[in-house]
Structures are given as structure tokens and as C-alpha cells.
1. When you scan segment 31-58, how many residues do you find that are open to solvent by 50 Å² or more (accessible area, probe 1.4 Å) and either touching a His at 6+ places or on another chain (Cβ under 7 Å) or over 25 Å from residue 71 (Cβ atoms) (or both)?
2. Report every pair of residues separated by at least 6 positions or lying on different chains whose Cβ atoms are under 8 Å apart, first residue within segment 239-258 and in contact (Cβ under 8 Å) with a residue 40 or more places away in the chain, second open to solvent by 30 Å² or more (accessible area, probe 1.4 Å) and of a type outside the set (A, V, I, L, M).
3. Going residue by residue through segment 32-50, is there one that turns out to be farther than 30 Å from residue 148 by Cα and touching a residue at least 12 places away in the same chain (Cβ under 8 Å)?
4. Condition (residue is small (Gly, Ala, Ser) and either within 30 Å of residue 40 (Cα to Cα) or in a helix (DSSP H, G or I) (or both)) applied to segment 183-192: is it met by at least one residue?
5. Under 9 Å between Cβ atoms, at least 6 apart or on separate chains: pull out the pairs that start in segment 189-201 with a residue that is closer than 18 Å to residue 113 by Cα and end on any residue that is modelled with pLDDT under 80 and open to solvent by 80 Å² or more (accessible area, probe 1.4 Å).
6. Criterion first (among the hydrophobic types (A, V, I, L, M, F, W, C), open to solvent by less than 30 Å² (accessible area, probe 1.4 Å), assigned to a helix (DSSP H, G or I) and in contact (Cβ under 8 Å) with a residue 12 or more places away in the chain) does residue 173 satisfy it?
7. Which of the residues belonging to segment 75-109 are closer than 26 Å to residue 196 by Cβ, open to solvent by 50 Å² or more (accessible area, probe 1.4 Å) and in contact (Cβ under 8 Å) with a residue 60 or more places away in the chain?
8. So how many residues does segment 234-255 have that are surrounded by fewer than 21 Cβ atoms within 10 Å (Cβ to Cβ) and either of a type in the set (A, V, I, L, M) or part of a helix (DSSP H, G or I) (or both)?
Amino acid sequence: MDWLTDNKIPLGRWIKIFVDFLNDNAAGLFNLISDVLGFLIEGFIGLLQWFPPLLLVALISALAYALHRSWKLSVMIVAALMLIINLGYWEQTIETLALVLFSTLVCIIVGVPTGIAAAHRPWLYTGLRPVLDLMQTIPTFVYLIPTLILFGLGVVPGLISTVIFAIPAPIRLTHLGISSVPRELVEAGKYFGATRPQLLVKVELPHALPTIMAGVTQCIMLSLSMVVIAALVGADGLGKPVVRALNTVNIAKGFEAGLAIVFVAILLDRICKQPKPRPKKGEEK
């Protein structure tokens, strides 16, 4: 087997050469992207922090009630957020919430149309599948290194890495939802003269919406799982106190920050679940 190990294919060196080439010849572009994304995220964080904490808690609780008509959910959200304020992690929670929402928005904007296109073009999904498998299985630290080199320290490399890690979920589940639309429904829409955009908006998307929303919820959970890793490259949020607690072996601080991450995960999961259809007037409960 010596001949096989002695003739190693220099894949790592090729990747390094490619990253160095991008860094040397497109540094201005990556700096522009970093500045724009950093400005947008910092602006969003500033907007959320502009609200008094109790007012923002009330608004989030009211949003949850408006979507789900559940006072129990609203009470749970208020209790969880008040505990986070009491523990002293409100600012870090806002920073984490902004990062997760922003990365989820990017994943939806890119992932849902890609999933729709892949569902309508099987050859496209065949080409995407190995790429999505690679994005989901490769260790996050591997692509954290080139993003750190290209975009520098801060929230932007954390955002880019989070998007890379989380975007396969909405692509796959959107593809699954659109592909699962019964052919009879599509044929009925064509029979009534619906165009392809009309079929998509009035037939395919409504039928696939529960599956697409499951992809969005999974994307949020995957984004939250990157909070601590993003803190290693300078991203603010609840990941920083977790990393500091790990470095100082501070059990109390690590548990409190981890509990705040759990509360944010539960809050976003419950709010983003597709609301149950409300019974019409005259229907029996």
C-alpha cells in the first residue's frame, strides 16, 4: 500500500491555492460583501435593541397569540423571556435572535426557489444532491476556515457558515413538498387553463406549505446549533458566554447561557410552526 500513500492527491493544497487566489484577486468584493452584511445585521440588532425589553417581550407574545390563538403559548414565551432578562442575557439573546432570523431569511430566499426549480427539473436535483450532502456532512470547522480568511473576524463569517450549514434543509423539504403534489391536482389546474405561475401559486405551494414550513423550522434549529461555533470567529450572541464558560470551566455561566439558547430555540420553534386551521362558524369543535 506504500505506492498509494506515496502518491497522495493534493486536494487540500488545491483548495488552499484556490482560497488564496480568491483572497488575492477578489479581496475588494469580499470586503464589500462583509461590509454590507455586517451593516444589515448590526442595523437589525440595533432595531431590536431600540425597543425596551418588556415592550419587545409583549410584542413577541402578541405575535405568537395572533398566529396560534393560544394563551398558554403566550404565557410560556413571556415566562421564558423574563427568565432570560433575569439571568442577564437579554442583549446576547437579541444578537443571537438577529443572527438566526437573518440567516434563516437568507436560506429561505435562496433555498425555497432552488427547491422549487429542482422539483420541476429532476436533472437539477440530481446535480444538487451531492452538493447538499457535502454541505450537511462536512465538519463546520472545515468551511469556517476559508470564510474566516475571506471575510475576516466578526459576525459575517459566522453568518456565511450558518447559511452553508442550514440551507440544505429548506432546499430538500421544498423539493419534497412540490414533488409530492398529486398529479391529479396539477392536471385539474391545467384543465381550467392555469398558467405555470398560477399552478405554482394556487396549487403547488398551498399543498406543499406544511412541508416547506417544516424545512423553515429545521433551518432555524440548525442555525441555532451554529451559535457557539460562530462565536469562535467573533460573532456576538449567546455563543460567547458559552465559549468563555468552557475556557474557564464555569459550570454556572455555561448552564445559564445554554438554557437561554434552549429557550430561544423553543420560542422560535413554537412561533414558526404552521398555525392550525381555525374552525369556521357553525362547525363543531
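The values are calculated or read from the model by the stated rules, or taken from the named source; none is laboratory data. All values reported here derive from a predicted model rather than from experimental measurement. Don't worry about glycine lacking a Cβ; one is built from the backbone with ideal geometry, like all the others, and counts go over all protein chains shown. Surface areas here come from the heavy atoms of the whole protein model, side chains and all, with no ligands, DNA or RNA. Shrake-Rupley method; radii C 1.70, N 1.55, O 1.52, S 1.80 Å.
1. Applying the first criterion (open to solvent by 50 Å² or more (accessible area, probe 1.4 Å)) to segment 31-58 yields 31-33, 35-36, 39-40, 42, 44, 47, 49-55, 58.
Filter once more, keeping what is either touching a His at 6+ places or on another chain (Cβ under 7 Å) or over 25 Å from residue 71 (Cβ atoms) (or both): 31-33, 35-36, 39-40, 42, 44, 47, 49-50.
Qualifying residue count, segment 31-58: 12.
2. So the pair list comes out as 240/92; 241/92; 241/253; 241/256; 257/92.
3. No, because not a single residue in segment 32-50 is farther than 30 Å from residue 148 by Cα and touching a residue at least 12 places away in the same chain (Cβ under 8 Å).
4. yes
5. Taking only residues 6 or more apart or on different chains, the pairs are 199/190.
6. Values: among the hydrophobic types (A, V, I, L, M, F, W, C): yes; open to solvent by less than 30 Å² (accessible area, probe 1.4 Å): no; assigned to a helix (DSSP H, G or I): yes; in contact (Cβ under 8 Å) with a residue 12 or more places away in the chain: yes.
Answer is no for this residue.
7. 108 - this is the single residue of segment 75-109 that is closer than 26 Å to residue 196 by Cβ, open to solvent by 50 Å² or more (accessible area, probe 1.4 Å) and in contact (Cβ under 8 Å) with a residue 60 or more places away in the chain.
8. The initial filter retains those residues of segment 234-255 that are surrounded by fewer than 21 Cβ atoms within 10 Å (Cβ to Cβ), namely 234, 240, 243-255.
Within this subset, residues satisfying the condition of being either of a type in the set (A, V, I, L, M) or part of a helix (DSSP H, G or I) (or both) are 240, 243-249, 251-255.
Matching residues across segment 234-255 total 13.
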